[in-house]
Each structure stands twice: as structure tokens, then as C-alpha cells.
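The values are calculated or read from the model by the stated rules, or taken from the named source; none is laboratory data. Quantities reported herein were computed from a predicted structural model and do not represent experimental measurements. Note: ideal-geometry Cβ built from the backbone for every residue, glycine included; neighbour counts use all protein chains shown. Quick note on the areas: whole protein, heavy atoms, side chains included, nothing else; ligands and nucleic acids left out. Shrake-Rupley method; radii C 1.70, N 1.55, O 1.52, S 1.80 Å.
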Amino acid sequence: MISFTGEHILSVNQFDREAVERVFTIADNMKPYAARQKRTTVLDGAILGNLFFEPSTRTRVSFGTAFNLLGGEVRETVGMSNSALAKGESLYDTARVLSGYSDIIAMRHPQAGSVAEFAQGSRVPVINGGDGANEHPTQALLDLYTIANERAYFGHGIDGLHIAMIGDLKHGRTVHSLATMLCLFKHIKFTLISPKDLSMPTHICDIIVNSGHELIVTEQLEGIVEADICYQTRVQEERFETQELANQYRGKFRLNQQIYTQHFKSQTVIMHPLPRDSRSEANELDNDLNSHPNLAIFRQTDNGVLVRMALFALTLGVENTISDFDQEVHWYSNKSKK
Ligand code: CP
């Protein structure tokens with residue numbers, strides 16, 4: 001299992017429960033820095049190579065923000081066409097070159113397995129920011145961290161959780177990674193709601209069943225009843241051969257206040273990895289839930305910074321010395337009041 005310092009983070013399969021809980025403990029320690037109550041320069045001089053060969057808002061920017069909050073600098077490469085990959089350079093050569101310019105690399109790429117292939121050529125640790133429809137391990141950690149916090153609010157732990165995952169479970173790498181990581185915990189009930197053609201891959205269902213958890217597969221949204229967490233997803237249009245094929249699934253499972261009132265129990269927490277598709281033909285998670293206290297989607301995005309700070313600190317071996325480099329914040333900030 002992962003021991004963090006100097007290691008790549010490529011897959012949720014590297015984690016056991018102890019490693020997950022270690023990340024959560026360090027993430028908790030990051031709260032005063034993310035809230036701008038104080039700052040640290042523990043990574044002063046370190047460089048993050050932030051390589052995003054597929055569109056991203058929150059993963060790319062939260063990786064960069066997390067590194068900046070630890071005092072490090074960020075060098076970005078965004079878009080395949082802006083790199084020599086577009087000229088036929090291999091992932092191995094790209095990794096050899098860019099790892100000479102960085103202390104650590106975060107990377108997203110549209111092909112499954114590409115980040116692991118890149119890591120083979122890298123001389124510094126590589127963190128997977130999403131490889132095709134395969135995995136998104138840091139999203140799984142921030143989702144699980146959010147689940148732990150939301151459950152704690154209602155006096156529960158992760159063990160015994162009932163989670164409903166909804167939508168494009170075939171192409172959604174976040175649900176693949178989250179479901180696998182949840183299997184490290186005890187007595188989890190999974191209700192997987194999707195059109196038959198977009199169902200969870202068999203190998204993930206096998207992990208759920210073989211690790212002794214309860215699995216219900218349905219095409220009916222009514223399966224949501226009694227779930228503690230409702231994890232909604234977007235139709236991953238970029239994984240379909242044509243937009244027409246993706247269009248037939250858009251708007252199939254919409255969540256809004258009326259659905260929540262009709263089908264959910266009062267403590268059900270709504271999550272979504274984002275982006276949500278807000279176009280009228282999809283609108284899988286309606287704005288009329290934006291003020292709902294159990295809508296956790298923006299707590300997830302804030303937690304992404306804490307978890308990625310924790311992963312940088314652990315991977316670069318500074319998790320115990322962060323406060324040795326504390327400095328005061330001397331600009332106006334009301335972040336901690338939000
Ligand atoms: N959740 C997620 O991966 O979002 P981005 O695509 O914006 O990074």
C-alpha cells in the first residue's frame with residue numbers, strides 16, 4: 001500500500017483504509033491555510049507541473065491553488081495542441097522532459113492508462129487528475145472526505161452508508177474511483193441508477209459484491225428512497241462517438257426540489273463531482289436546490305483544495321513541518337466567514 005513520500009498517486013487501488021484516513025487527518029490540518037487565517041511557505045521554491053490535456057475547471061485550478069497555498073509555484077500546460085504531444089512526441093519523452101522542470105506533476109489526459117504510462121518516464125511523483133473513463137483518484141478522496149464530513153454532521157461515520165449513484169455510470173471515472181474506495185469501509189449499500197447502456201462496468205460491480213457490500217442495480221430513480229447520499233453525475237458526452245448518441249440520455253434523471261421532496265428522506269445529501277450540465281435539455285441538478293442545506297456540491301469543491309494540499313504535503317514529505325513555516329496573513333480576507 002501507498003506510503004506517500006516520493007510515490008506516484010495513480011489509482012484508488014493504491015489505498016487502504018488507513019491511508020485514506022491519513023489523508024483526511026492532514027486535510028483537516030489544512031483548513032486554517034485554505035481559510036486564509038494563516039499561510040505557510042513550506043514548499044517555497046518547489047514547482048508543480050500542472051498538465052491538463054483535457055478540459056478542467058476545478059481539478060486543474062484546485063491543484064494549482066493547493067500548491068500555491070503551501071508556498072510553491074505552478075507551471076501549467078493546458079491543451080494537447082499547446083504541447084509537443086501534438087507533434088507526435090511520446091508520453092515517455094514528455095515525462096522525461098517535464099519532470100526535469102518540476103518537483104511534482106499533476107496530469108489529466110483523455111486516454112485510460114495514459115497517466116500511468118507517463119509516470120513510467122517521470123523522475124518526480126505524478127498525480128492522476130483523471131485518465132479517460134478510467135480513474136479520478138483525487139476526486140474519490142475529496143468525495144469521500146466530503147461524505148465523512150456530511151455524515152459526521154448527522155452523527156454517523158462512513159460505515160453503514162447507503163449511497164445512490166445516478167446517471168452515466170459507464171463513462172464516469174469519478175463513480176468508478178469512488179465506488180472502489182468506498183469498498184474499503186464496512187456495510188456499504190450501493191444503489192446504482194442508470195440507463196442499461198450506461199451501467200457501472202462489471203469489474204467495479206464485482207469489487208462491490210466480492211468485498212461483501214450490498215448492490216442494487218436499477219433504471220428507476222425511485223431507487224433513491226432511503227439513500228443517505230445521492231451522487232448525481234453528468235452524461236459524459238466527450239466519451240460518446242457522436243453527440244446524437246449522448247443526446248438520447250440527457251435529462252433522463254433530473255434532480256430538483258420537487259423530486260427531492262417526493263423521493264428523498266430529509267437528511268439525504270446531494271453530491272455531484274461537477275461540472276453539472278445546466279443546459280435545459282440536460283439540467284440534471286436544478287438550480288432550485290442551490291439553497292438547500294443538504295446540497296454539498298460546493299463543499300466538495302472547497303474540500304478538493306484541502307485534500308490536494310494533503311496529497312502534496314504527504315508526497316513531498318512535509319506533512320509534519322507545515323506549521324514550522326507559518327506566516328501571518330496581512331490582507332483583508334473574509335473566506336473563513338463563508
Ligand atoms: N470534477 C472534475 O473533475 O471537474 P473538472 O473537470 O472541472 O476538473
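The rows are residues; the columns are (1) away from the ligand (no atom under 16 Å from the Cβ); (2) modelled with pLDDT of 95 or more; (3) at positive phi.
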{"site": "F4", "(1), (2), (3)": "yes, yes, yes"}
{"site": "D16", "(1), (2), (3)": "yes, yes, no"}
{"site": "K38", "(1), (2), (3)": "yes, yes, no"}
{"site": "F63", "(1), (2), (3)": "no, yes, no"}
{"site": "E73", "(1), (2), (3)": "yes, yes, no"}
{"site": "E76", "(1), (2), (3)": "no, yes, no"}
{"site": "G79", "(1), (2), (3)": "no, yes, yes"}
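Of the set (1) within 28 Å of N334 (Cα to Cα); (2) in contact (Cβ under 8 Å) with a residue 60 or more places away in the chain; (3) open to solvent by less than 10 Å² (accessible area, probe 1.4 Å), all apply to G64 but (2).
Quick one: would you say T40 is crowded, with 19+ Cβ neighbours inside 10 Å, in contact with a helix residue (DSSP H, G or I) (Cβ under 8 Å, 6 or more places away or on another chain) and within 20 Å of D131 (Cα to Cα)? No: the conditions fail for T40.
Which residues, counting only those in segment 266-291, are under 24 Å from L141 (Cβ atoms), more than 16 Å from the ligand (Cβ to nearest atom) and assigned to a loop (DSSP other than H, G, I, E, B)? Within segment 266-291, Q267, T268 qualify.
M107: closer than 24 Å to S3 by Cβ, within 16 Å of the ligand (Cβ to nearest atom), buried (at least 18 other Cβ atoms within 10 Å of the Cβ) and outside the structural domain of H171 (by TED's automatic domain parsing), yes or no?
Judged against the criteria, M107 is a match.
Looking at the structure I just gave you, is Y92 surrounded by fewer than 21 Cβ atoms within 10 Å (Cβ to Cβ), in a helix (DSSP H, G or I), of a type outside the set (A, V, I, L, M, F, W, C) and more than 16 Å from the ligand (Cβ to nearest atom)? For Y92, the condition - surrounded by fewer than 21 Cβ atoms within 10 Å (Cβ to Cβ), in a helix (DSSP H, G or I), of a type outside the set (A, V, I, L, M, F, W, C) and more than 16 Å from the ligand (Cβ to nearest atom) - is met.
Here Q220 passes the criteria (1) at pLDDT below 95; (2) surrounded by 15 or more Cβ atoms within 10 Å (Cβ to Cβ) except the one numbered (2).
The single condition from (1) exposed (fewer than 15 other Cβ atoms within 10 Å of the Cβ); (2) modelled with pLDDT of 95 or more that H8 fails is (1). Residues in segment 276-298 that are within 22 Å of the chain's Cα centre (by Cα), more than 21 Å from T59 (Cβ to Cβ) and charged (D, E, K, R): D286 only. Against the conditions (1) among the hydrophobic types (A, V, I, L, M, F, W, C); (2) open to solvent by 30 Å² or more (accessible area, probe 1.4 Å); (3) under 25 Å from H176 (Cβ atoms), L255 satisfies every one except (2).
Listed by first and then second residue, the pairs linking a residue in segment 296-319 that is open to solvent by 20 Å² or more (accessible area, probe 1.4 Å) to a residue that is among the acidic types (D, E), with Cβ atoms under 7 Å apart and 6 or more places separating them unless they lie on different chains, are L316/D103.
Residues in segment 91-146 that are of a type in the set (G, A, S), more than 23 Å from F24 (Cα to Cα) and touching a helix residue (DSSP H, G or I) at 6+ places or on another chain (Cβ under 8 Å): 8 in all.
Residues in segment 260-285 that are open to solvent by 20 Å² or more (accessible area, probe 1.4 Å), in contact with a helix residue (DSSP H, G or I) (Cβ under 7 Å, 6 or more places away or on another chain) and not aromatic (F, W, Y): H263, L274.
Exactly one residue out of A140, A46, A119 is within 17 Å of V12 (Cβ to Cβ) and more than 16 Å from the ligand (Cβ to nearest atom): that is A119.
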